[in-house]
């Protein structure tokens, strides 16, 4: 019996200490950002999408995507791939990273992923996801999870059939984004379908889509009966969403972290971690979008972002942020 909306989740032979997950987001959820989110209350984090084909070819750049942050005891590695053969070839390199969970991406709508038969393209082939999961679970006892959408488009809503195939293959958890591939990230997420998915299967179900605040996360959990929430765009520039949500779920009171000095201090910490893990030049270039997202909605933030996009060195960023640090 679960007494609280915030609780642990058992995924196969692994127990996750909470049910607030950080989604895999290409270009955002590197180990620096995952580290920040863990420090702000994330229960579990996923890497950026990892190409199974690139792993099979021992791509050094791809292998680096799987490195853990220093505070990352648990780690989900999400892979994208078109078929079971690719899974089999990628598995030796994937297992070297010792993931806590292996997640199969069946939700990415990006054309360059879909055209190769991966991501959302798998929604059109339930038999293939069954084969992929079966190959991986046959080689390791690491739990395999599957992230899916409601279907390819509104004329092919097949998430129940697809989920059943994934579970037959041995999937231990399902995460569903409540949109079709054709919707991308537009429109409202279909929480009713997420609720329906949870009612049909015994494995844990995580929900995703239209969760940009602690209150929305609570409402999703209450109205769908799912086991946990996956935060994606809602965590960008707002890693506080995890501790906010946890507090709301446990006490019915959520703090409001709107003070720009707190956000900028966290953004600065995020930048320093990125410098440590990558390099100053790379961090100062890649972090622009992340640093700008921390300032959204704050008074005077437009002028601050204007300075951020022009900064090239750590010292220039320090000068911009000095009044907040």
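Which one of 266, 282 is part of a helix (DSSP H, G or I) and either touching a strand residue (DSSP E or B) at 6+ places or on another chain (Cβ under 6 Å) or touching a residue at least 12 places away in the same chain (Cβ under 8 Å) (or both)?
Details: 282 fails: either touching a strand residue (DSSP E or B) at 6+ places or on another chain (Cβ under 6 Å) or touching a residue at least 12 places away in the same chain (Cβ under 8 Å) (or both).
That would be 266, the only listed residue that is part of a helix (DSSP H, G or I) and either touching a strand residue (DSSP E or B) at 6+ places or on another chain (Cβ under 6 Å) or touching a residue at least 12 places away in the same chain (Cβ under 8 Å) (or both).
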Checking 261, 227, 244 in turn, the sole residue that is in contact (Cβ under 8 Å) with a residue 12 or more places away in the chain and closer than 17 Å to residue 38 by Cβ turns out to be 244
Scan of segment 108-144 for residues that are on the phi > 0 side of the Ramachandran plot and in a helix (DSSP H, G or I), ordered by number: 119
Sole miss for residue 253 among (1) more than 21 Å from residue 34 (Cβ to Cβ); (2) modelled with pLDDT of 95 or more is condition (2)
Take residue 129 and tell me if it is touching a helix residue (DSSP H, G or I) at 6+ places or on another chain (Cβ under 8 Å) and either buried (at least 21 other Cβ atoms within 10 Å of the Cβ) or under 17 Å from residue 105 (Cα atoms) (or both). yes
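Quick check: is even one residue across segment 43-50 surrounded by fewer than 22 Cβ atoms within 10 Å (Cβ to Cβ) and within 21 Å of residue 96 (Cα to Cα)? So that I can check it myself, show each step before the final result.
Quick first cut of segment 43-50, residues surrounded by fewer than 22 Cβ atoms within 10 Å (Cβ to Cβ) only: 48.
Keeping just the survivors that are within 21 Å of residue 96 (Cα to Cα) gives 48.
Among the residues of segment 43-50, at least one is surrounded by fewer than 22 Cβ atoms within 10 Å (Cβ to Cβ) and within 21 Å of residue 96 (Cα to Cα), which makes the answer yes.
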I need the helices (runs of 4 or more DSSP H) fully contained in segment 1-107, keeping only those with at least 3 residues that are farther than 25 Å from residue 129 by Cβ and in contact (Cβ under 8 Å) with a residue 12 or more places away in the chain. 31-39
Within segment 248-263, of all residues that are in contact with a helix residue (DSSP H, G or I) (Cβ under 7 Å, 6 or more places away or on another chain) and part of a helix (DSSP H, G or I), the one farthest from residue 325 (Cα to Cα) is 249
Only one of 62, 145, 140 that is surrounded by fewer than 19 Cβ atoms within 10 Å (Cβ to Cβ) and either in the same structural domain as residue 170 (by TED's automatic domain parsing) or within 20 Å of the chain's Cα centre (by Cα) (or both): 140
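The values are calculated or read from the model by the stated rules, or taken from the named source; none is laboratory data. Please read all numbers here as calculations on a predicted model, not as lab measurements. Virtual Cβ from ideal backbone geometry, glycine too; neighbours counted across all protein chains shown.
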